[in-house]
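The structure under discussion appears below in the form of structure tokens.
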Amino acid sequence: MGLAKYFIFNKKCYIQWDIPSRKTEYRRVIKVDWNLPDKFCEDIDDVFALNAHHPAAANTLDPWQLYFFKKDEFVVYAPATDTVEGADGPNAGIRKISEGFPGLGGAGAEGFDADIDATVHVYPDNSSSYVYFFKGDKYVIYDLVHKKVHTAATKIATLCPKLTELGFDKDLDSAVMWSSKVNAYDIFALFKGGQYVYLHKGTSLTKKTFASGPGELKADWDGVEQVDAIVQVGQEAHHNDSGKNTGGYTGDKKHGPGPGDCDCHDDPKPGPNPDPDPDPDPDPTPDPDPNPHDCDCKGRCGDNDSGKQCFDLPANTQFGITVFANTTAHNQTVKLFVDDKLVDTFNGKGQNNTPMLNASKSNAGVYSSGSGKVCIQVEADGKPCKLRYVDDILDRRPGVIMIGAESGTDNDYNDSIVFLNWSLQ
């Protein structure tokens, strides 16, 4: 088993991926193996690793640790001891991003103190250390040594013009430094919607050169279909300019398989101890599947209090939408956007899945996905609703998205129900 690993997080599950062999070693449930606060055991925004062996670390940086981000909070986790910094304190080690990274959320970095899309830690020399924070169509570079914003919010597209052409100039899922034998920090891997691209170091922190992509995760990353968060841990995780390995934690987390397995990508296993003397006149109603899939690591799910949620659909694909209301207290409005343009609006109220109608007096329609950016906005009497959603839980066979909206106080998230499905041919 190799020493350098990628840990890839999706929903409630994680993958340990061996870098030397380029193979998935196992998929397991985060909560079983990682001693993290409960809220950080699913739907992680992103994570980066900080290596204690960097020359600047002794006096200015924390030891080798992993920084996990979710919403407006983060925790610092030590993989070697399976502990969270400050876990015995009143907040179980959970801190606000704005407190741990002064300047994020302030002038020039507005909004970067919550809901981070992706992070990358780099150090271009032996006295500096930076983290890229990506959100929406912008990024900020943060100086870890001096605890301040180094580069204010800048369009991701300016990193490399090719990113715009490929659709990687906004809404990234995650990012990491791609490991090589020498100067591992030279290559960025950016992930979005089941694909990835590589960028070379380029001429500066803010100018990268295109390396390759987009590639399909399913084809090129053994056992990986989606990357919501990724971090590299192990002796190949960082190299200095001379190419000398700086060392570090060996990388292994747990040695599967075991009781925490997350095998939702696998075929069902046969049931144990089949009946040696089957009933000659069996009940025509089959028994429930004794080995159902635990599909917690398929697709993604989440919540959103802004009233608007965007999704990545395959480009230039016909998709359908169906909309229902289940409240008489507030008039419900559902707006459909494709590539940031309003293409349809549904209104109504009622109970028992009352159809919400558009201008054509229909609660359903078929549309083209354009570049693939499809957004749903839900309002009640003109005010944003709270949303919950599941996205692509069937691995695009078929493609399915469901959104539930809450406009009251009972938190059943059924006041508006929106279904999207594709493909239609």
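The values are calculated or read from the model by the stated rules, or taken from the named source; none is laboratory data. Computed from a predicted model, the values in this text were never measured in an experiment. Cβ placement follows ideal geometry from the backbone for every residue including glycine, while neighbour counts extend to all protein chains displayed.
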Output yes when any residue across the stretch 347-367 is closer than 30 Å to ASN10 by Cβ, surrounded by 14 or more Cβ atoms within 10 Å (Cβ to Cβ) and outside the structural domain of LEU166 (by TED's automatic domain parsing), and no when none is. yes
In the stretch 344-362, anything assigned to a strand (DSSP E or B) and of a type outside the set (Gly, Ala, Ser) is listed as ASP344, THR345, PHE346, ASN347, LYS349, GLN351, ASN352, ASN353, THR354, PRO355, LEU357
Polar (S, T, N, Q), buried (at least 19 other Cβ atoms within 10 Å of the Cβ) and closer than 28 Å to LYS170 by Cα: does that describe GLN377? yes
If I ask for residues that are modelled with pLDDT of 85 or more and not acidic (Asp, Glu), which ones from the stretch 292-309 would you list? ASN304, SER306, GLY307, LYS308, GLN309
If you go through the stretch 315-332 one residue at a time, do you hit one that is of a type in the set (Gly, Ala, Ser), closer than 29 Å to ASN414 by Cα, modelled with pLDDT of 95 or more and surrounded by 12 or more Cβ atoms within 10 Å (Cβ to Cβ)? yes
Criterion (among the aromatic types (Phe, Trp, Tyr) and either modelled with pLDDT of 95 or more or in contact with a His (Cβ under 9 Å, 6 or more places away or on another chain) (or both)) met by exactly one of TYR130, TYR77: TYR130
When you scan the stretch 100-112, do you find a residue that is under 17 Å from the mean Cα position of the chain (by Cα) and surrounded by fewer than 24 Cβ atoms within 10 Å (Cβ to Cβ), even just one? no
Restricting the stretch 30-40 to residues that are in contact with a strand residue (DSSP E or B) (Cβ under 8 Å, 6 or more places away or on another chain) and modelled with pLDDT of 90 or more, the residue that is farthest from ALA78 (Cα to Cα): LYS39
Considering only the stretch 377-425, state which residues are part of a strand (DSSP E or B) and touching a Cys at 6+ places or on another chain (Cβ under 8 Å). VAL378, GLU379, ARG388, TYR389, VAL390, ASP391, ALA405, GLU406, SER416
Qualifying strands (runs of 3 or more DSSP E) (wholly inside the stretch 187-226; at least 2 residues being more than 14 Å from TYR132 (Cβ to Cβ), within 23 Å of the chain's Cα centre (by Cα) and at pLDDT below 90): 207-216
